[in-house]
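Below: one structure, written as structure tokens.
The values are calculated or read from the model by the stated rules, or taken from the named source; none is laboratory data. Remember, it's a predicted structure, so these values are computed and weren't measured experimentally. Cβ placement follows ideal geometry from the backbone for every residue including glycine, while neighbour counts extend to all protein chains displayed. Ligands, DNA and RNA are stripped out before the accessible areas are found, and what is left, the full protein with its side chains, is counted by its heavy atoms. Shrake-Rupley method; radii C 1.70, N 1.55, O 1.52, S 1.80 Å.
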Amino acid sequence: MDNKEYALGISVPIKPDSVLSPTVIYADDLTGIYFETEDERYGRITFYNLDAIRICRGEYLPYDDDWTEDKEWCWVYEVQNSAWQIERYTYEKKHYGRAYEFGGNVNDMLSDFKHYIFSFHDQFVEVIARGFWWEEDQTSLINRPLQKGHPFLALTEEQVSLYEAYGYKSQIRTNPLPTSQLIEQAKFCPQKLYQFALIIDNHASIDHTVTITNKNAIIEANLRGYFGKKEVCFSGIPSLEEILPYIDNYISEVAERRKKTQ
């Protein structure tokens, strides 16, 4: 389709009611699309690194799509060759450059971010983000915290071991889900594989996270520091032994800084 904008359907396990309109909330922690589902439950879509959001009236998508009669009906789409995404990238690069919010590299907006459309009965919501996730419950999710196991949440100490170097201990928090499941879920947003929390003065603080991405069946893992900057990119799923040298180096730097201040 050359460089023409068009929408590719994404299969999501929940579907909205075919008539009711959603509630869209824009807030620091609870930005999302809230809606009733086709089976009379309640759904919520939240966004990983949201950059932009807009809501429009209309029953028909503003882009051609790939739906045919032999395909499953989709209500979520990814826009290919998005002019809006290029517009947002150009703006962010011009005004923020290397100080870009999400990890310090504005080019992530072209390589990692996507333009999504969520279609409802008489309106649609468009979003530019690094990914999205869905939840479902028997009662409304408005003003409720993310559910347990949500990929945006920090890993808990459910599965934790200790790593020691330079006189300091660090927690290694491992996602309890099977790696194959994390790879499948990474089609929608990055999935946390490990988190490392250095223990100082009996307090554990997360300083590094390893996330899995799945872009068109290309699997990568990224090691990011506290502020989200990508430090290392691994092709495929790295072993813990491949990651630990970078954690070791970080602990060494912390130990050296603390030694100078004591």
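Taking only alpha carbon atoms, the range 125-262 gives an Rg to Rh ratio of 1.01, where Rh is the Kirkwood radius. For the range 141-148, the Karplus equation 6.51 cos²θ - 1.76 cosθ + 1.60, evaluated at θ = phi - 60°, returns couplings of 9, 4, 6, 10, x, 4, 6, 3 Hz by residue, with Gly and Pro reported as x.
Peptides 236-243, 210-217, 127-134 ranked from most to least packed give 127-134, 210-217, 236-243, packing being the mean of other C-beta atoms within 10 angstrom over each peptide's residues.
Give me the percent of the accessible area of the range 128-186 that comes from carbon and sulfur atoms, probe 1.4 Å, all protein chains in place. C and S fraction of accessible area: 50 percent. Placing a pseudo-label 7 Å from each Cα along the Cα-to-Cβ vector at Glu5 and Asp248 gives an inter-label distance of 5.0 nm. For the range 1-61, which whole-number percentage of the solvent-accessible area (1.4 Å probe, protein heavy atoms only) is attributable to carbon and sulfur atoms? Using a 1.4 Å probe with all protein chains present, the range 1-61 comes out at 43 percent carbon and sulfur. Taking all protein chains into account, the per residue accessible area for the chain stands at 56 Å² (1.4 Å probe). Placing unit charges on each Cβ (+1 for Lys and Arg, -1 for Asp and Glu) gives the range 6-137 a dipole about its Cα centre, and among Phe120, Ser11, Trp133 the Cα reaching farthest toward its positive end belongs to Trp133. Placing dummy labels 7 Å off each Cα toward the beta-carbon, the span from Val19 to Gln147 is 2.5 nm. Take every Cα pair under 8 Å whose residues are at least 6 apart in sequence, average their separation, divide by the length of the range 160-260, and the relative contact order is 20 percent.
Note on the range 6-137: dipole from Cβ charges, positive end direction compared against Gly104, Gly43, Leu30; the farthest Cα belongs to Gly104.
Rounded to the nearest 20 debye, the dipole size of the chain about its Cα centre is 1240 debye, using +1 on the Cβ of Lys and Arg and -1 on the Cβ of Asp and Glu.
What residues from the range 111-152 fall in the zone where the backbone N is under 19 Å from a label point 7 Å along the Cα-to-C-beta line of Glu184? From the range 111-152, the list is 132-136, 149-152. The peptide list 51-62, 4-15, put in order of mean Cβ contacts within 10 Å with the highest first, becomes 4-15, 51-62.
For the range 6-137, the alpha-carbon radius of gyration amounts to 1.08 times the rule-of-thumb value 2.2 N^0.38 Å expected for a compact globular protein. Helix 240-261 and the longest principal axis of the Cα set of the chain meet at an angle near 60°.
For the pair the range 130-179 and the range 74-100, the centres of their Cα atoms are 28 angstrom apart. Close Lys pairs in the range 6-137 (alpha-carbon distance under 27 Å; sequence gap of 8 or more, or different chains): 5. Building the convex hull from the alpha-carbon atoms of the chain and averaging its projection over directions returns 16.6 nm².
Based on DSSP H segments of at least four residues, each scored -39500 (n - 2.57), the chain has a per-residue ellipticity at 222 nm of -5500 deg cm²/dmol.
Among the chymotrypsin sites (Phe, Trp or Tyr not before Pro) found in the range 143-248, those both in a DSSP coil and sparsely packed, with 16 or fewer other Cβ atoms within 10 Å of their Cβ, are Phe152, Tyr166, Tyr226, Phe227. Among Ser161, Ser21, Ser82, the residue with the largest mean-square fluctuation in a Gaussian network model of the chain, with springs joining Cα atoms closer than 10 Å, is Ser161.
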